[in-house]
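Read the structure below first, then the notes.
The values are calculated or read from the model by the stated rules, or taken from the named source; none is laboratory data. For clarity, every value in this text was computed on a predicted model and none was experimentally measured. All Cβ positions, even for glycine, are placed from backbone atoms using ideal geometry, and neighbour counts span all protein chains on display.
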Amino acid sequence: MSAPNQTNLDMFKNNRSHLADKIVPTLLFLCALVSVLTLLGIIYALFSESINFFKQVPVIDFLTGTQWFPLAEEGKEFGVLPLLTGTLLVTVIACIVSIPIGLASAIYLSEYASDGVRRVLKPVLEILAGVPTIVYGYFALSVVSPFIQWILPETSLFNALSAGIVMGIMIIPMISSLSEDAMNAVPRAMRNGAFALGATRLEVALKIVVPAALSGIIASFVLGFSRAIGETMIVTVAAGGSPVLTLNPLESIQTMTAYIVQVSMGDVARGGVEYGTIYAVGLTLFLITLLINIFANYITKKFREEY
Amino acid sequence: MNMTDAQLHAKTQRRRNKDKINQLIFLASTSIGIIVLMILIIDILIDGIHFLRPELFTNFPSRLPSRAGLVSALIGSIYMLLILAPLSFIIGVGAAIYLVEYAKKGPVSNFIQVCISTLAGIPSIVYGILGLTIFVQLLNLGNSLLAGIFTMTLLVLPVIIVSSQEAIKAVPAARRDASFALGATKWQTVQNAVLPSAIPGILTGVILSVSRAIGETAPLVVIGAATFVPFLPANLLDQFTVLPLQIYNWIGLPRIEFQQLAASGIIVLLVLLVVMNITAVVIRNKYQKNI
């Protein structure tokens, strides 16, 4: 068989691939550009409506007011502090639950567990991390809240404690796996040096590995904290909808995220000052999580010990 | 310090015991996750088994628990899955290829990376506010399936881009060099040498992120997706609901039967997510063998 057009075919193929090499980089760049546009879109969305809101409600009143009744018929109040303390209360409870347990399981997985045990435990933690938050919300309401009420009968069905505990459980896998990564990065030789001096595994873990991995471990705490602040469905379902300024975990509270959901579910007219509240609260939430994430980044970079 | 042998021995013994006790404490902490997961599954099975019957999959939501079903939510979730997965795959992997293979190191690619890592830390409900402002209002899509899909795509992109970047970076340089040595162009190299060996890692990341989105509720609540949808969406601009929204709706209703329905919905949602994750593992194994 002769191939009279073989050269032409080659040229055609070459042209086609050259064409692809011209167009493709632009197309791929456009894909990457989507992320930049998303961030700009978020900033635009939050600020454009928030500016209208802050024309009607002074920023100082918003940040220092202790009453939050934006949807009231009369005597509207726009002080965000009750939502902030509500968010903080749940988040602190979540951290109290998740930080010790997460760190302890990271130490166990990194310093004690055999390969076989690790192969069983790690997927379970991954499953726990993959459970949708609405399922955790149901769990808080149907198991944890009744349990708390059984021990402390005066607790309301919707309370910050139940939401905080369940949110803590949700964050355990995150803290555990990030801390474990940090501990795994500590060189074997440092452990072996301590073992050779007669240290027990506990002494190696607490005196060698944890201090050496401290920046990564603290960053994992901070990221867990930030995740808890932005969590929505658990608090919406289980923490209640009453924006009161309280630090009592047995009371019903409202978080910033739960408030945004409450307004979204209702029929608040577009454009009014009530509608502007979700943008103002969203902006507050955005700025808080942004600052915390930058802080976490700073810790990892600044205090990382290179081996 | 003068320590007799006996004292030294006792001290060593104490340190060893402390080690053993702490090992148990650490193991117990790790087990808390497993125990909670078991309680959660058992609780949901007990609550949800009653309404787990054929009508659940054929009926629309209803004010009567005995006639309520989740067909519109299940179909809504599947529609979303079918469009979200390819859309976020194309954009996410495209961006990752650009950043790893094409972008020159410099301010532009640094800026894009900073944007991506910033986006990854933004709470999902803020993406809802983005979707509400840009897709629902500015582009006038209303609270449609399309607005929901676009919002969810933006939500999953940062994670997909980061995991795809890692998969592409893990491809050995030798594969690229060999391809270039054979006279292949840049895109031919990416297409034929890099992507085939990165695809298992990429797909795992995509499926895990998309399954996260299928369980996500908050952004869709904010863009105004309805919780009571007694019809199937006929096109992309129709109103819609998804499983997590239907579950949320049932949790909020006062009668105990609706709580049981919510648990049934959770069983369906979890089964869907498990199927997706098994698919991820199967695909990964299949492709890994072919290389």
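Candidates are the residues of the range A:248-296 that are surrounded by fewer than 17 Cβ atoms within 10 Å (Cβ to Cβ) and under 21 Å from the mean Cα position of the chain (by Cα); the one that is nearest to the other protein chains (Cβ to nearest Cβ) is A:Leu290. Screening B:Lys105 against (1) basic (Lys, Arg); (2) modelled with pLDDT under 90; (3) touching a helix residue (DSSP H, G or I) at 6+ places or on another chain (Cβ under 7 Å) leaves a single unmet condition, (3).
When the range B:31-47 is filtered for residues that are at pLDDT below 90 and either crowded, with 17+ Cβ neighbours inside 10 Å or touching a Pro at 6+ places or on another chain (Cβ under 7 Å) (or both), only B:Gly33 remains. Looking across the range B:88-104, the residues that are more than 7 Å from every other protein chain (Cβ to nearest Cβ) and closer than 27 Å to A:Leu223 by Cβ come down to B:Ser88, B:Phe89, B:Gly92, B:Val93, B:Ala96, B:Val100, B:Ala103.
Checking each residue of the range B:215-231 against the condition of being assigned to a loop (DSSP other than H, G, I, E, B) and polar (S, T, N, Q) gives at least one match. Checking each residue of the range B:208-222 against the condition of being more than 18 Å from the chain's Cα centre (by Cα) and either without any contact (Cβ under 8 Å) to a residue 24 or more places away in the chain or within 12 Å of chain A (Cβ to nearest Cβ) (or both) gives at least one match. Residue check: A:Glu231 meets all listed conditions (1) in contact (Cβ under 8 Å) with a residue 60 or more places away in the chain; (2) over 30 Å from B:Ile25 (Cα atoms); (3) acidic (Asp, Glu) but one, namely (2). B:Ile256 meets all of the listed conditions (1) farther than 21 Å from B:Val93 by Cα; (2) crowded, with 19+ Cβ neighbours inside 10 Å but one, namely (2).
Within the range A:165-192, residues that are closer than 30 Å to A:Gln149 by Cα sit with their Cβ atoms under 8 Å from residues that are acidic (Asp, Glu), at 6+ positions apart or across chains, in these pairs: A:Met167/A:Glu231; A:Met170/A:Glu231; A:Pro173/A:Glu126.
Among the residues of the range A:111-132, those that are within 10 Å of chain B (Cβ to nearest Cβ) and more than 26 Å from B:Ser211 (Cα to Cα) comprise A:Glu111, A:Tyr112, A:Ala113, A:Val117. Against the numbered list (1) surrounded by fewer than 13 Cβ atoms within 10 Å (Cβ to Cβ); (2) farther than 23 Å from A:Val166 by Cα, B:Phe51 comes up short only at (1). Figure legend. Inter-residue proximity from the range B:61-86: first residues under 29 Å from B:Ile256 (Cβ atoms), second residues hydroxyl-bearing (Ser, Thr, Tyr) and not in a helix (DSSP H, G or I), beta-carbon distance below 7 Å, spacing 6+ or different chains. Indicated pairs: B:Ala68/B:Ser62; B:Ser72/B:Thr241; B:Ala73/B:Thr241; B:Gly76/B:Thr241.
Of the residues A:Ile171, A:Ile234, A:Ile175, A:Ile217, only one is away from chain B (no Cβ under 12 Å) and crowded, with 20+ Cβ neighbours inside 10 Å; which? It is A:Ile217.
Only one of the numbered conditions (1) within 10 Å of chain A (Cβ to nearest Cβ); (2) surrounded by 13 or more Cβ atoms within 10 Å (Cβ to Cβ); (3) of a type in the set (Ser, Thr, Tyr) is violated by B:Thr12, and that is (2). Taken together, B:Ser77, B:Ser117 contain a single residue that is buried (at least 20 other Cβ atoms within 10 Å of the Cβ) and either under 23 Å from the mean Cα position of the chain (by Cα) or farther than 28 Å from B:Lys169 by Cβ (or both), which is B:Ser77. Between B:Asn285, B:Asn192, B:Asn277, B:Asn249, the distinction of being assigned to a helix (DSSP H, G or I) and at the interface with chain A (Cβ under 9 Å from one of its Cβ atoms) belongs to B:Asn277 only. A Cβ distance below 6 Å, combined with a sequence gap of six or more or placement on separate chains, defines the contacts here; from the range A:257-284, residues that are over 16 Å from A:Glu231 (Cα atoms) reach residues that are at pLDDT below 90 and hydrophobic (A, V, I, L, M, F, W, C) in the pairs A:Glu274/A:Leu71; A:Glu274/A:Val268; A:Tyr275/A:Val268. For A:Ala140, the conditions (1) under 26 Å from A:Val263 (Cβ atoms); (2) within 15 Å of the chain's Cα centre (by Cα); (3) more than 9 Å from chain B (Cβ to nearest Cβ) all hold with the exception of (2). Checked against (1) surrounded by fewer than 24 Cβ atoms within 10 Å (Cβ to Cβ); (2) among the hydrophobic types (A, V, I, L, M, F, W, C); (3) within 14 Å of chain A (Cβ to nearest Cβ); (4) over 21 Å from the mean Cα position of the chain (by Cα), B:Val268 passes all but condition (4). Taking the criterion of being surrounded by 14 or more Cβ atoms within 10 Å (Cβ to Cβ), out of contact with any Pro (no Cβ under 6 Å at 6 or more places or on another chain) and over 18 Å from B:Ala234 (Cβ atoms), the residues of the range B:63-74 that qualify are B:Pro65, B:Gly69, B:Leu70. All of B:Ile122, B:Ile134 fail the test of being within 8 Å of chain A (Cβ to nearest Cβ) and part of a loop (DSSP other than H, G, I, E, B), apart from B:Ile122.
Here's the yes/no breakdown for (1) modelled with pLDDT of 95 or more; (2) within 27 Å of A:Ala45 (Cα to Cα); (3) touching a helix residue (DSSP H, G or I) at 6+ places or on another chain (Cβ under 8 Å):
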| residue | (1), (2), (3) |
| --- | --- |
| A:Gly241 | no, yes, yes |
| A:Thr246 | no, no, yes |
| A:Ile278 | no, yes, yes |
| A:Leu283 | yes, yes, yes |
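Across the range A:196-206, the number of residues qualifying as more than 23 Å from A:Cys95 (Cβ to Cβ), within 12 Å of chain B (Cβ to nearest Cβ) and not hydroxyl-bearing (Ser, Thr, Tyr) comes to 6. Against the list (1) more than 28 Å from A:Ser162 (Cα to Cα); (2) in contact with a Leu (Cβ under 7 Å, 6 or more places away or on another chain); (3) at the interface with chain A (Cβ under 8 Å from one of its Cβ atoms), the condition B:Gly69 fails is (3). Among the candidates B:Asp19, B:Asp47, B:Asp43, the residue that is in contact with a Lys or Arg (Cβ under 7 Å, 6 or more places away or on another chain) and within 7 Å of chain A (Cβ to nearest Cβ) is uniquely B:Asp19.
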